[in-house]
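Notes for the one structure printed next.
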Ligand SMILES: [Zn+2]
């Protein structure tokens with residue numbers, strides 16, 4: 001086990017042990033999620049480690065165009081039609097995190113696992129706005145869906161209403177069965193410290209026992225989506241959090257990322273995420289990240 005894996009396992013243990021401390025900020029305790037899909041509270045110190053991995057590789061191996069090669073002029077219009085055509089080849093499955101009522105029944109955290117977790121946690125809520133996480137995630141997910149459809153992608157939503165009962169493993173299976181080229185799970189974060197803010201994304205580790213084969217793509221998707229989101233919103237960039245504790249990731253047989261779009265436990269970010277304008281920026285940023293992941 002490498003240093004990072006040990007770190008994350010330790011981090012998750014700390015998070016799990018401290019789930020009882022999870023409050024919504026603003027001085028008002030919020031009912032903690034049964035099993036919070038929030039494992040980042042204690043990960044802040046790892047930021048340096050992640051940022052080192054963020055250095056992008058320069059495309060130095062792109063060949064120079066030789067003088068005698070044919071130069072094909074492409075008008076911006078033709079280019080966008082070509083890109084739209086390419087996007088039409090890709091299916092993006094979007095999972096709006098949580099649902100109206102959590103389901104505390106247990107399910108294995110991965111195929112064949114003996115460890116179990118609640119089927120779907122109830123999520124957090126806005127410390128200032130009192131908006132439940134499941135409402136915010138569905139609103140943002142629908143905006144992402146519309147933008148992706150407008151750009152020519154195929155899109156499938158795991159849910160498009162709040163009153164559903166779909167476990168995290170089942171959500172992953174929706175993406176698997178659809179043959180998703182990217183599975184984007186949209187969530188919002190919560191922390192005991194109401195000053196903590198910003199966005200992060202999550203994926204499995206390279207040692208994930210169920211789907212390590214999708215690690216590289218999931219990591220790249222997570223980086224691209226985080227970058228797009230931060231660029232569009234101007235929010236604080238946290239990090240890509242690699243963890244093997246999420247059932248909805250472990251059950252995936254497709255590239256996956258969880259996007260924590262911001263902290264509902266931070267009053268300013270909570271208020272901002274309640275506005276149409278900011279939600280639009282979040283959605284645009286996530287869509288831009290998906291474009292970047294596919295090289296578009
Ligand atoms: Zn969540």
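Annotations
- The stretch 89-293: C-alpha gyration tensor shape, a/c 1.5 cut-off, then a/b vs b/c: rounded
- Cα-Cα pairs of the stretch 159-228 separated by more than 17 Å (percent): 57
- Listed from fewest to most Cβ neighbours within 10 Å, the set 277, 115, 284 follows the order 277, 115, 284.
- The DSSP beta bridges internal to the stretch 187-296 are antiparallel in roughly 35% of cases.
- Residues 185, 238 in ascending order of nearby Cβ atoms (within 10 Å, fewest first): 238, 185.
- For the stretch 216-278: rounded, prolate or oblate by the Cα gyration tensor [a/c cutoff 1.5]: prolate
- Counting beta carbons within 10 Å around each of 296, 148 and listing the fewest first gives the order 296, 148.
- Overall form of the stretch 133-175 per C-alpha gyration tensor (a/c, 1.5; a/b vs b/c): oblate
No value in this document is a laboratory result; all are computed from the given coordinates. A quick note: this is a predicted structure, and the numbers were derived from the prediction, not measured. Positions of Cβ are backbone-derived with ideal geometry, glycine not excepted, and every protein chain shown enters the neighbour counts.
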